[in-house]
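Here's the structure we're looking at; comments come further down.
The values are calculated or read from the model by the stated rules, or taken from the named source; none is laboratory data. Note that the structure is predicted; figures quoted are calculated from it, not measured. Backbone-built Cβ (ideal geometry, glycine too); neighbour counts: all protein chains shown.
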Amino acid sequence: MLAPLPLEPISLAARSVHRIENAKGIRVSCVRGVAWITQERDPRDLILAAGQSVVLDRRGLAIAYAFKDAVITVGAGWQLPAPRSLPVASEPERARA
C-alpha cells in the first residue's frame with residue numbers, strides 16, 4: 001500500500017508571493033489565511049480561503065499571493081482515496097463471535 005506524500009506547509013507573509021513553475025496538475029491548498037492564485041494565460045482570478053484547494057489547469061507559471069499572512073501547500077493534483085475503515089463491532093457482537 002502506498003503512503004500519502006507529506007506536504008510541507010509554505011508560510012507566506014502578507015503581500016508576498018510564491019511562484020509555481022510548470023503548474024499544470026498541481027494542487028494548491030490554503031491551510032490558513034486567504035490566497036489569490038493566478039495562472040499564466042488565464043483571465044480567471046482564484047481566491048482560496050482556509051480549507052479550500054484548486055488543481056491548476058494551465059501550463060507555465062502560477063503565482064500564489066497572500067492578502068494577509070497565509071499558509072499553503074503545493075503538491076500533486078491526484079490523491080489516493082482514503083482507506084476504507086472496517087466497522088467496529090460492538091461489545092455484544094464481539095462476545096458472540
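If you go through segment 50-97 and keep only what is modelled with pLDDT of 85 or more and loosely packed, with under 11 Cβ neighbours inside 10 Å, you end up with just Gly51.
Taking segment 6-18 as the range and being more than 16 Å from Leu48 (Cα to Cα) and not hydrophobic (A, V, I, L, M, F, W, C) as the test, the residues that pass are Pro6, Glu8. Of the strands (runs of 3 or more DSSP E) entirely within segment 12-81, those holding at least 1 residues that are in contact (Cβ under 8 Å) with a residue 60 or more places away in the chain occupy 70-76.
The condition of being modelled with pLDDT under 95 and among the aromatic types (Phe, Trp, Tyr) does not hold for Trp36. May I ask you to verify whether Ile47 is within 14 Å of the chain's Cα centre (by Cα), at pLDDT 95 or above and surrounded by fewer than 16 Cβ atoms within 10 Å (Cβ to Cβ)? For Ile47, the condition - within 14 Å of the chain's Cα centre (by Cα), at pLDDT 95 or above and surrounded by fewer than 16 Cβ atoms within 10 Å (Cβ to Cβ) - is met.
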